[in-house]
Amino acid sequence: MSVQGASSARNASRAVWLKQLHQWHWISSAMCLLCMFLFSVTGITLNHASQIEAKPVITRQQAQLPAPLTTQLRSYAEQHDGAKEPLPAPVEQWLKDTFKVQPGGRNAEWATDEVYLAMPKAGGDAWVRIGLEDGATEFENTDCGWISWLNDVHKGRNTGPAWNWFIDIFAVLCLVFCITGLLILKFHAANRPFTWPMVGLGVLIPIVIALLFIH
């Protein structure tokens, strides 16, 4: 093969690889766009969490658990004293109907005199306490606002397995976006002399700040 033919083959191979990299780069960037924007914004709000005042709104409600369900819970508690087990399905349904909550099969804390169900959530907290003597039931819901909700979503705190899986997938897409971007820079570096100095600065600046100012 002549020198010109070998050069043409290399250019053709380079064009194919560059096309593939551009395709993966724009697809990953498109899929990451909204979440990258939200995670960037919540990164700022998390970094300034102490300066952003949260005003929790606390709602309390009370109700009386029906006698048959109270008897059922009392008997169940005698068998599970000190254990952590979900509430019986009829009691969960009663809580849904009465307080519009979703116990979701969470484990409750059982004692001989009461059952306590913690229901932490993104941007707040909630709990239910049921007295086993008389069936007196208390429900408390704390809402810390949408910024707190977004911060918890950013951290994956009390967001459930589906969102945690999504965060992992989103992280992989971000890696694809970064790696393909770096490889595209490599292809264009010969014609752009400032490419590697800029990449070097992008690596060096956070390392220097971390070494000098994080103690």
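The values are calculated or read from the model by the stated rules, or taken from the named source; none is laboratory data. Quantities reported herein were computed from a predicted structural model and do not represent experimental measurements. Here the Cβ is made from the backbone with ideal geometry for all residues, glycine too, and neighbour counts use every protein chain on show. Keep in mind that these areas ignore ligands, DNA and RNA; they rest on the heavy atoms of the full protein, side chains included. Shrake-Rupley method; radii C 1.70, N 1.55, O 1.52, S 1.80 Å.
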Practice task
Looking only at segment 193-212, decide whether some residue is touching a residue at least 40 places away in the same chain (Cβ under 8 Å), closer than 23 Å to residue 29 by Cβ and assigned to a helix (DSSP H, G or I).
Solution key: no
Practice task
Check 53, 78 and return the single one that is modelled with pLDDT under 90, over 29 Å from the mean Cα position of the chain (by Cα) and over 30 Å from residue 184 (Cα atoms).
Solution key: 78
Fill in the blank from the handout: Note on residue 137: of the conditions (1) open to solvent by less than 20 Å² (accessible area, probe 1.4 Å); (2) of a type in the set (Val, Ile, Thr); (3) modelled with pLDDT under 95, unmet is (3)
Handout entry: Residue identified as at pLDDT 90 or above and in contact with a helix residue (DSSP H, G or I) (Cβ under 6 Å, 6 or more places away or on another chain) among 38, 69, 18
Key = 69
Practice task
May I ask you to list the residues in segment 178-192 that are open to solvent by 60 Å² or more (accessible area, probe 1.4 Å) and part of a helix (DSSP H, G or I)?
Solution key: 178, 179, 182, 183, 185, 186, 190, 191
Exercise for the section: Restrict the check to segment 155-177 and report whether at least one residue is open to solvent by 50 Å² or more (accessible area, probe 1.4 Å), in contact with a Gly (Cβ under 8 Å, 6 or more places away or on another chain) and part of a helix (DSSP H, G or I). Expected result: yes
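Let's see how each residue does on (1) within 19 Å of residue 127 (Cβ to Cβ); (2) hydroxyl-bearing (Ser, Thr, Tyr); (3) open to solvent by 90 Å² or more (accessible area, probe 1.4 Å); (4) part of a helix (DSSP H, G or I):
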| position | (1), (2), (3), (4) |
| --- | --- |
| 40 | no, yes, no, yes |
| 45 | no, yes, no, yes |
| 59 | yes, yes, no, no |
| 75 | no, yes, no, yes |
| 90 | no, no, no, yes |
| 101 | yes, no, no, no |
| 104 | yes, no, no, no |
Problem - Failed condition for residue 119, given (1) over 26 Å from residue 48 (Cα atoms); (2) touching a residue at least 12 places away in the same chain (Cβ under 8 Å); (3) surrounded by fewer than 13 Cβ atoms within 10 Å (Cβ to Cβ); (4) of a type outside the set (Ser, Thr, Tyr) - result: (3)
Practice task
Would you tally the residues in segment 155-187 being touching a residue at least 24 places away in the same chain (Cβ under 8 Å), under 26 Å from residue 123 (Cα atoms) and among the polar types (S, T, N, Q)?
Solution key: 2
Practice task
Go through the residues of segment 61-72 one by one and say whether even a single one is without any contact (Cβ under 8 Å) to a residue 60 or more places away in the chain, in a helix (DSSP H, G or I) and surrounded by 14 or more Cβ atoms within 10 Å (Cβ to Cβ).
Solution key: yes
Fill in the blank from the handout: By residue number, the members of segment 17-59 that are of a type in the set (Ser, Thr, Tyr) and either within 17 Å of residue 167 (Cα to Cα) or touching a residue at least 40 places away in the same chain (Cβ under 8 Å) (or both) are 28, 29, 40, 42, 45, 59
Practice task
Select from segment 48-57 the residues that are among the hydrophobic types (A, V, I, L, M, F, W, C) and not in a loop (DSSP other than H, G, I, E, B) and write down the one among them that is surrounded by the fewest Cβ atoms within 10 Å (Cβ to Cβ).
Solution key: 57
Practice task
Give the number of residues within segment 142-154 that are open to solvent by 40 Å² or more (accessible area, probe 1.4 Å) and under 8 Å from the mean Cα position of the chain (by Cα).
Solution key: 1
Exercise for the section: Hey, can you tell me all the residues within segment 122-133 that are open to solvent by less than 10 Å² (accessible area, probe 1.4 Å), under 19 Å from residue 56 (Cα atoms) and either in a loop (DSSP other than H, G, I, E, B) or among the polar types (S, T, N, Q) (or both)? Expected result: 123
